[in-house]
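Only one structure is covered here, and it is reproduced in the block below.
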Amino acid sequence: MSYHSQSYAPSAPPAPDPNGSGYPYPPAPTNYYGHTSYGSLGHSDFPPGTHPEVIRSFQMVDRDRSGFIDELELQQALSSGYQRFSLDTIRLLMFLFKNPRESLRIGPKEFAALWSCLGQWRAIFERFDRDRSGKIDSMELRDALYSLGYAIPPSVLQVLISRYDDGSGRRVELNFDSFVECGMIVKGLTEKFKEKDPRYTGSATLTYDTFMSMIIPFLVA
């Protein structure tokens, strides 16, 4: 598998409308900088310019006002703006976006980054869902991942697709939830490999312990 040194996604488009209209949110007012009460509690604020709907989605599920949310709260928060993701996908997102100093929860900055990333991936998904079926097949998945900078060999693509094969003999297609899960596995493992291949040669030497520590979190997330 080859990869580029570029970021894993293009510039973030506006987040989708939670009311399902298909139109992005209007731009945030110029004098709005995402200020919340979390700063007074000693927790990091949302990044400047964070859209109010993103903040509301977080605050809605942070009922104890701790400034952090767990996986079930994350699932509920994302449901307001995207859809209800499976817990497998939620756990993978939590693992990839949480602050390394935190365990099993994310704060405002991480939530804003996650929301933005999903907006980017939604745009990519819709771009390659050419028949507007709400699903993409293996070739569309290949093209979508390539547009994000990941040139997936056919053998690896087949392994990814087989994860979603229900054994019915029908062509395997991925909805947005499965696309995010699949794409984040590729993204996460590629980023981990890049850490061991700083010159981007496409090869690296790993110890068994390092290999297992890279792979296991993606199997159990």
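The values are calculated or read from the model by the stated rules, or taken from the named source; none is laboratory data. Nothing here was measured: the structure is a model prediction, and the numbers come from that model. We work out accessible area using only protein heavy atoms, side chains counted, and drop any ligands, DNA or RNA first. Shrake-Rupley method; radii C 1.70, N 1.55, O 1.52, S 1.80 Å.
Summary of computed values
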read-out	value
Residue-wise HN-Hα coupling along segment 101-110, computed from phi with Karplus coefficients 6.51, -1.76, 1.60 (Hz; x: Gly, Pro)	7, 10, 10, 6, 7, 10, x, x, 4, 5
³J(HN,Hα), Karplus 6.51/-1.76/1.60, whole Hz, each residue of segment 92-97, x for Gly, Pro	5, 4, 4, 5, 7, 10
Å² per residue, accessible surface of segment 132-212 at 1.4 Å	56 Å²
Residues whose placed amide H lies under 5 Å from that of ILE106, excluding near-sequence neighbours	ILE69
Per residue Cα convex hull volume in Å³ - calculated over segment 53-114	71 Å³
Cα-based convex hull, segment 63-221, per residue volume (Å³, whole number)	137 Å³
